[in-house]
Amino acid sequence: MNLDLKFWLFLLFFVIMFFAVVMGSLKKMLFFLWYGFLYTLIGFLVIFLLNNVIGQYTDFYLPINPFTAFITGFLGIPGICCLVALKYVVFC
């Protein structure tokens, strides 16, 4: 293994242990991580569908990355509106 991979694995292990100590339970921490992953996956699918369905007609696309996917999955429709407004203000 190269040094970068060892560093990231160590950092991941340290972060998991830190959150386990702060939250008091590894099970509770894994519960929150699972739901965070699920919300991000749902947000990814929603942005993907919006880009393919609406983006074809309006030529307006939202970038797909973990941050925008999590915001969309966690906040839902208000999150999408916030991302659209942010893109419009910054890039138009």
Checklist entry - In square angstrom, what is the accessible area per residue of the chain with a 1.4 angstrom probe? => result 80 Å²
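On a full-extension model of 0.36 nm per residue, what is the gain between residue 90 and residue 5, subtracting their alpha-carbon distance, rounded to one decimal in nm? Let's see the in-between values first.
Working: separation 85, 0.36 × 85 = 30.60 nm, distance 3.52 nm.
Stretched fully, the residue 90-residue 5 segment lengthens by 27.1 nm.
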Checklist entry - At what distance in angstrom do the alpha carbon centres of region 62-77 and region 15-43 lie from each other? => result 18 Å
Item to check | Added length on full extension, which subtracts the Cα-Cα distance from 0.36 nm per residue, residue 17 to residue 37 | outcome: 5.4 nm
Checklist outcome for this item: Note, region 22-28: 3J(HN,Hα) by Karplus (6.51, -1.76, 1.60, θ = phi - 60°), whole Hz, Gly/Pro = x, goes 5, 7, x, 7, 5, 5, 5
Checklist entry - What's the carbon and sulfur percent of the chain's accessible surface, probe 1.4 angstrom, rounded to a whole number? => result 80 percent
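Using helices alone, I'd like the mean residue ellipticity at 222 nm for the chain: each DSSP H run of four-plus residues gives -39500 (n - 2.57), total over residue count, nearest 500.
Numbers: 5 runs with 78 residues, N = 92.
Calculated mean residue ellipticity at 222 nm is -28000 deg cm²/dmol.
Where does the chain land on Rg/Rh, using Cα atoms and the Kirkwood Rh?
Result for the chain is an Rg/Rh of 1.13.
The values are calculated or read from the model by the stated rules, or taken from the named source; none is laboratory data. Everything quoted here is computed from the prediction, not taken from an experiment. SASA here: full protein model, heavy atoms, side chains in, ligands and nucleic acids out. Shrake-Rupley method; radii C 1.70, N 1.55, O 1.52, S 1.80 Å.
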